[in-house]
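Structure first, then comments.
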Amino acid sequence: MLILGAAVVVLVGGGAFTAYTAVQNASAPPTQPLTLDEMAQMLGSDPFGSDLKSDMLKAQAAQALKADKIAAERDNRKALSQVKIVDEAPGGGGFNPQQLPPGTSNPTGNRALGKEMLESRGQGGEWGCLEKLWMKESGWNERAMNTSSGAYGIPQSLPGHKMASAGSDWQTNAATQIEWGLSYIKGRYGSPCGAWAHSQAKGWY
């Protein structure tokens, strides 16, 4: 009888605890997906921090562009464009070697989307800097690729597949590229104006 009584107490007590836990879980606020910034803090590392290899490639590309501008003025010719708009993704570097969706990209729509996403982060006052920065880098074209460094997309991620942390559709989706780019700017420069100032001083960001 004592053993049977103990078993009943355990069963009833366990059932009560399970019911209590279920009620508490049901009343808890729903969890939201972690942002890129929150993930970086949890992992204890900075995915947007300085990358020596990438920074060197960016600096070399900026120097090559500057040298070509000087040569173009001397030779009385048009300077080469630092970016090309690709129709087919190159192999390697994290790209899927595939034909990109048909049609032209929409820089005007991409700028509007970028402004909206920046404002949602409470940084609407930085829009002027962001607009100039990414106009200089890519013309706000999600298919822009730097001819010297291989940087890709609206924010000119180097290498391009870094943007996969914001979404698997990073090769073609402007919103995914912008989300990654804004997180990169915040993590490394604090704000678009900080990134723009660095770009003006160094030729890259």
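The values are calculated or read from the model by the stated rules, or taken from the named source; none is laboratory data. Predicted model only: the values in this text are computed from it and were never measured. All accessible areas refer to the heavy atoms of the entire protein, side chains included, with ligands and DNA or RNA removed. Shrake-Rupley method; radii C 1.70, N 1.55, O 1.52, S 1.80 Å.
Side notes on the structure shown:
- Flagged links, alpha-carbon separation over 28 Å, of Lys162/Lys202; Lys53/Lys84; Lys136/Lys162; Lys84/Lys202; Lys66/Lys162; Lys53/Lys115: Lys53/Lys115
- In this structure the range 143-185 gives 26 Å² per residue of accessible area when probed at 1.4 Å with all protein chains present.
- Per-residue 3J(HN,Hα) values for the range 154-170, derived from phi via the Karplus relation 6.51 cos²θ - 1.76 cosθ + 1.60 with θ = phi - 60°, read 4, x, 6, 5, 9, x, x, 5, 4, 5, 4, 5, 9, x, 6, 9, 4 Hz in sequence order (x marks Gly and Pro).
- Span per principal axis, largest first, for the Cα atoms of the range 119-190 (Å): 31, 24, 20
- Ordering Lys78, Lys202 by accessible surface, largest first, gives Lys78, Lys202; the 1.4 Å probe counts only protein heavy atoms, with every chain in place.
- The amide H of Phe95, built 1.01 Å from its N in the peptide plane, has no neighbour under 5 Å, considering only residues 5 or more places off or on other chains.
- Amide H contacts of Ser157: Tyr152, each under 5 Å away and 5 or more positions distant or on a separate chain (H built 1.01 Å from N in the peptide plane; Pro and chain starts excluded).
- Area of Lys69 that stays accessible when all protein chains are in place (1.4 Å probe, Å², to 10): 110
- In Å², nearest 10: area of Arg77 left accessible to a 1.4 Å probe: 100
- In this structure Glu131 has an accessible area near 70 Å², from a 1.4 Å probe over the protein heavy atoms.
- With a 1.4 Å probe rolled over the protein heavy atoms of all chains, the accessible area of Asp55, Asp169, Asp75 falls in the order Asp75, Asp169, Asp55, largest first.
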